[in-house]
Amino acid sequence: MQAKESVNADPNKVVVVNTNEMPWASTGQPGVFQKVMERVIDARKGRETSLVKLDPGAKLPAEVLTERVDIFVLEGSFKDEQGTYGTHSFVRNQPGYRFNAASEDGCVMYMKRRVPIHQQEERKVIDGKTAQWTPFPHRGADVLHLYRDMHGIETSRFGNVHPQKKIPSHDHAMGEETFIVKGVLKDEYTAYTPGVWFRMPIGIPHAPYTEDQNCMMLIREGDLVW
């Protein structure tokens, strides 16, 4: 088996990846393809951020997880032994969980494999279409909180920033990564469109804003801290 290589592994660098410009790479599993935005190979800090596509009828190889696996469904649905998860569902599986995923009609997933910073045993499932969103008026947004660890290091949310909103310039003490699901987000550096994944290192400021349309995005903080 070909050894995996590091991808965008320096946490001190700003990274912007337009996944629309990346080809789907075969994983060697029939009907399963991947686009890797980030991969850090390390026994303690290891993580991999990718888009994974399952063709109709395809399945991932069954495995007992040795790392935490978070999935956010972007298109379609997938199922495992405990249920079926549709578009905008979030599923967190912890190490030791038997992971056996398949898709009847096909799907595209945002997948994060991560050596946990702190061990947490619970499995988490959130349906973004039925869960309660929280108004975030001082940022002109509504958010669906996906997780927040008890140590205050790792957090994630699915956000919907309203049109014509400006967020004051700020940086991220824990670092931040964002995947644009719908709409356009801009800052003083560039415009981030659907399918763009970007990572802001610790201490790098930016001032995001929207124009005539809202922007839905998946946000994670803390993965750059160990």
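The values are calculated or read from the model by the stated rules, or taken from the named source; none is laboratory data. This is a predicted model, so every value here is computed, not measured. Note that each Cβ is placed from the backbone with ideal geometry, even for glycine, and that neighbours are counted across all protein chains shown. Heads up: the accessible areas ignore ligands, DNA and RNA and are worked out on the full protein's heavy atoms, side chains in. Shrake-Rupley method; radii C 1.70, N 1.55, O 1.52, S 1.80 Å.
The table below gives the values:
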item	result
Percent carbon-and-sulfur accessible area, the stretch 89-226, ignoring ligands, DNA and RNA, probe 1.4 Å	52
Cα-based shape type of the stretch 1-43, given that a ≥ b ≥ c are square roots of the gyration tensor eigenvalues and the cut on a/c is 1.5	oblate
Members of Lys53/Lys79; Lys4/Lys35; Lys45/Lys182 lying beyond 23 Å, as alpha-carbon distances in this model show	Lys45/Lys182
Mean Cβ neighbour count within 10 Å, used as a protection proxy, ranking 89-102, 17-30 highest first	89-102, 17-30
Solvent-accessible area, 1.4 Å probe, carbon plus sulfur percent, for the stretch 3-48	50
Fraction of the pair-distance distribution of the chain above 32 Å, Cα-Cα pairs, percent	14
Gyration tensor (alpha-carbon) shape descriptor, the stretch 1-131, a/c threshold 1.5	rounded
Check: the chain dipole with +1 on Lys, Arg Cβ and -1 on Asp, Glu Cβ, in debye	180
Per residue solvent-accessible surface (Å²) - the chain, probe of 1.4 Å	48
Globularity index of the stretch 94-226, i.e. its alpha-carbon radius of gyration over 2.2 N^0.38 Å	1.12
Selection from Leu51, Leu146, Ile204 lying farthest towards where the dipole of the chain points positive, charges on Cβ	Leu146
